[in-house]
Amino acid sequence: MTDTERVVINPVTRISGFMEIEAVIENNTVTEAKTEGLLFRGFEKMLEGRSPMDAVYFTQRICGICSTAHSIASSMALEDAFGVAVSEQGRYLRDIIHACEFLQNHIRHFYQYTVPDYIKLPEDNPLFETDHNDFRLPKQKNDLIVQHYFDSLEVSRSAHKMLAILGGKAPHNHGIFIGGATSEATKESIGLMRSISINIRGFILSAMIPDVCTIAEYYPEYFKNGRGYGNLLTYGCFDGYEKLGTLYVDPLVYADGAVSVINPQLITENIHSAWYTAKHETYTPEGEPPEPDRNKSGAYSWVKAPRYGGAPCEVGPLARMWLSGEYQNGISTMDRTLARVLEAKKLTDIILKLLDSLVPGVSLQKEYAVPQKAFGAGLTDTTRGALGHWLKIEDGAIAQYQIITPSTWNLSTRGQDMLPGPCEMALISTNISDTNNPVEIGRIIRTFDPCVSCATHVYAKGNLIKSFKVVP
Amino acid sequence: MNETYLNCPNITMRLETASILVHKAIEAVSANIIQKRNLIWLELTGCSGNIISLLDGADPDFKCLATQMVNIVYDNSLMAAEGEFAMEKLFGMLGKDYILAVEGAVSTKDGGLFNVIGSYRREPITAYRAIKELGEGAAYVIAVGTCASDGGISAARPNPAKCVGVQDLLNRKVIKLLGCPCHPDWFMGTLAYILLYGEPAMDEKARPLMFYSSLIHDCCPRRPFFDKGIFAEKLGDETCMFKLGCRGPVTRIDCPIRKWNDRVNWPIGDNSLCIGCAMFGFPDKMEPFISFDTTKKE
């Protein structure tokens, strides 16, 4: 006789946005998993009719955690549409701003979002009360990481301070714009950023890397769960500089055991299981967007199914670290966490290299004219993975705006292929040791650093939306 | 910036207000002069940008807030608990003393189902229901950021999720801290003032005067360019951004004095412009953000 239980976790805390997970557990093994994104605003529809120039500051408000990412992708899409070439110095400046966001995100995600899963924080503080007790570290080691939990607050915010030196403020920067950045670097600002980077690097080396290794040592079975498909994709970032070459990772994909260079023409979305109708179930991002249809039979989700050459792909730090050859230990819950921490160190190397290459006092801004009719695409990897913005301009205004976010890749629905998305695949077949406290589920989901604010920005005309279901 | 400017009492006093208030509140809590009260940070229909901004607070910082100033009972971004246990902590506050900080607007479409913040006793809890149930019983309600204060970008036309600010749903005073995001000092200073003295002095739109009493334009270091008619023609210029569409002349907040992220910079200091993110009606009434056409007509 099988012992079957249905478990619901809502809210999944320590993620960005609102998500419910429903899992079916049979004999202590997850046999079915469903995640529902529960926040909807409709940015793509809001953007229609607005000035294309405003997209950079507007799309940042999709997400307060990765606003810089959206400013980069929208600037790239506008440059493509306007026919503006970004200079090498312009790329350095805005890539430094972008790298600062990676750093703030990774340090905060590790200490404030991940650590509470494994480390007992002082429970006399109501913020840290938990209802499970799977905390395995000896007191001395536990207390050291608790200390770093608080120390890290200053370190992660110093990454945002560095971001603001060139970006004006964080979250929601003003510095990234068409042509690179609004502000030029000065000797003083370069010096200040260098000193902040070196401090951050010191913390990563002396605290963050040892801490993740300690956690990995006491939770060894997490190297064996949360794998998913093992397909990895990146649009590339900190890559293809004229003078510096690639500092991190080129646009690459790993699927069916082989690495290949990304061909953007192979990116598709499918709406087979999502509440949309279109002439063709599978379409490319440049194509006509599908119309929402909440009553479509057989559909179960608002999240579409992005595919690369037909394959569902994981995106994010592990994908980049693997594809760049920096980390190839494995693909699992703990490998994903390790890759994020090690990527933070890599980013400080990149920032220092870019700072060295900056020429102070180079002005980048011009007066830009909005074309009457144009199309533009901006594809880049960002903190959580591959991000794409595609826009169409007609009569000098935004006529159509499409965004495929990293969390849409990771939280993908089943397409015509009926393959579950990477996140659900990572949950299915997980061993749950105590079904009354299925801590494994939250731990696995958090390694993807899901951003539901980003994944469910899509628009639906006048339809009842109860939830954004990812897997039935 | 020269010292004469920094020594202006209007500027130095305002810079230190939040810090002084927070340190006073912490001292009073630790000496048992005032009670350590409960704080609920309720995230609704928004982008999590205000809690991230709060973590950027330097003096006072988030650690002071979470360990010495208040008991943070609920915050979905940071709390260790999850699922039903987290919701029990939230609704367990009903009938008790708590201060409610809200970030994000409230989606009202289809009974609020566009934003479900959790599941409690097998029922989906919409943002709409959460604010209705927790809003009336709170000792104070603080709307943190422009979405919570006025709908903000979540309510941008055509407002697909039918978002409104918190005030529209509550028959009580809601303190409004506009800004996209809200500066950590604005929140921490307001909260500390409440703990020490109760409701702070506010304007007719319920914005605390200690932060929202002057226009950006009146304190802008580029004001002399405006007065002399020297205007920027593109972003990146170091003169007055007025003709590119700067909303400093209508935006009531202290950014030029306070600046952001450890006071290291701010949008105009970055050779960009103010987009009026701390204004009622943002973003629709503040658009277009950037317009090169107005300079051309000169």
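FYI, it's all coordinate maths here, none of it is from the lab. Computed from a predicted model, the values in this text were never measured in an experiment. Note that each Cβ is placed from the backbone with ideal geometry, even for glycine, and that neighbours are counted across all protein chains shown.
Take each residue of peptide B:228-240, count the partner chain Cβ atoms within 10 Å of its Cβ, and average: the result is 3.
Counting other Cβ atoms within 10 Å as a rough exposure proxy, the listed residues B:LEU55, B:LEU90 run B:LEU55, B:LEU90 from fewest neighbours to most. Placing +1 on the Cβ of every Lys and Arg and -1 on the Cβ of every Asp and Glu, with nothing else charged, gives segment A:75-206 a dipole about its Cα centre of roughly 400 debye.
Positive end of the dipole of segment A:282-404 (Cβ unit charges, origin at the Cα centre): among A:TYR401, A:TYR327, A:THR282, the Cα lying farthest that way belongs to A:TYR327. Each of the trypsin sites (Lys or Arg not before Pro) that DSSP puts in a loop and that has at most 15 other Cβ atoms within 10 Å breaks chain B; the longest unbroken stretch is B:1-95. Normalised by 2.2 N^0.38 Å, where N counts its residues, the alpha-carbon radius of gyration of segment A:290-391 equals 1.55.
In chain B, what percentage of the DSSP-assigned beta bridges are antiparallel, given to the nearest 5? Counting only bridges with both partners in chain B, antiparallel ones make up about 35 percent. The calculated 222 nm mean residue ellipticity attributable to helices in the protein assembly as shown amounts to -9500 deg cm²/dmol, summing -39500 (n - 2.57) over DSSP H runs of n ≥ 4 and dividing by all residues. Using Cβ point charges alone (K and R +1, D and E -1), the dipole size of chain A about the Cα centre works out to roughly 620 debye. Of the trypsin sites (Lys or Arg not before Pro) found in segment A:281-385, no site is in coil according to DSSP while having at most 11 other Cβ atoms within 10 Å of its Cβ.
Contact order, relative form, for chain B: 17 percent (alpha carbon pairs under 8 Å, 6 or more residues apart, mean separation divided by residue count). Cα-based values for segment B:42-109, radius of gyration first and Dmax second, are 13.0, 40 Å. Scaling the Cα radius of gyration of chain A by the globular reference 2.2 N^0.38 Å produces a ratio of 0.95.
Summary of packing: across the peptides A:83-89, A:103-109, the per-residue average of other C-beta atoms within 10 Å ranks them, highest first, as A:103-109, A:83-89. Counting other Cβ atoms within 10 Å as a rough exposure proxy, the listed residues B:THR239, B:THR126, A:THR435 run A:THR435, B:THR239, B:THR126 from fewest neighbours to most. Overall dimensions of segment A:381-438, expressed as equivalent-ellipsoid semi-axes from the Cα gyration tensor (√(5λ), whole Å, largest first), are 36, 13, 9.
Note on segment B:56-158: semi-axes of the ellipsoid equivalent to its C-alpha gyration tensor, largest first and rounded to whole Å, are 23, 19, 13.
Taking a Cβ cut-off of under 12 Å around A:GLU5, the surrounding Lys, Arg, Asp and Glu residues balance to a net charge of -4, with basic ones at +1 and acidic ones at -1.
Applied to segment A:75-89, the Karplus parametrisation 6.51 cos²θ - 1.76 cosθ + 1.60 on θ = phi - 60° returns per-residue 3J(HN,Hα) values of 4, 5, 5, 5, 4, 4, 6, 7, x, 9, 8, 8, 6, 4, 5 Hz, with x for Gly and Pro.
Filter the trypsin sites (Lys or Arg not before Pro) in segment A:162-244 down to the DSSP loop ones having no more than 13 other Cβ atoms within 10 Å, then list what survives. The qualifying sites are A:LYS224, A:LYS243. For segment B:135-188, calculate the relative contact order in percent as a whole number, restricting contacts to Cα pairs under 8 Å that are 6 or more residues apart. Value for segment B:135-188: 43 percent. Within segment B:195-263, report the GluC sites (Glu not before Pro) that DSSP leaves as loop and that have at most 15 other Cβ atoms within 10 Å. Sites meeting the loop and neighbour criteria: B:GLU204, B:GLU238. As an equivalent ellipsoid, segment A:1-113 spans semi-axes of 39, 18, 12 angstrom, where each value is the square root of five times an eigenvalue of the C-alpha gyration tensor, largest first. Checked against a 29 Å cut-off, the cross-linked pairs A:LYS304/A:LYS366; A:LYS169/A:LYS366; B:LYS63/B:LYS89; B:LYS162/B:LYS205; B:LYS96/B:LYS176; A:LYS279/A:LYS373 give Cα-Cα distances beyond that limit for A:LYS304/A:LYS366.
Using the alpha carbons alone, the radius of gyration of segment B:237-298 stands to its Kirkwood radius in an Rg to Rh ratio of 0.98. Take each residue of peptide A:415-428, count the partner chain Cβ atoms within 10 Å of its Cβ, and average: the result is 0. Distances longer than 18 Å among the Cα atoms of segment A:163-253: what percent of all pairs is that? Pairs farther apart than 18 Å: 72 percent.
Note: relative contact order over chain A, using C-alpha pairs below 8 Å and six or more positions apart, is 26 percent.
Neighbour counting of Cβ atoms within 10 Å sorts the residues A:ASP3, A:ASP434, B:ASP59, fewest neighbours leading, into A:ASP3, A:ASP434, B:ASP59.
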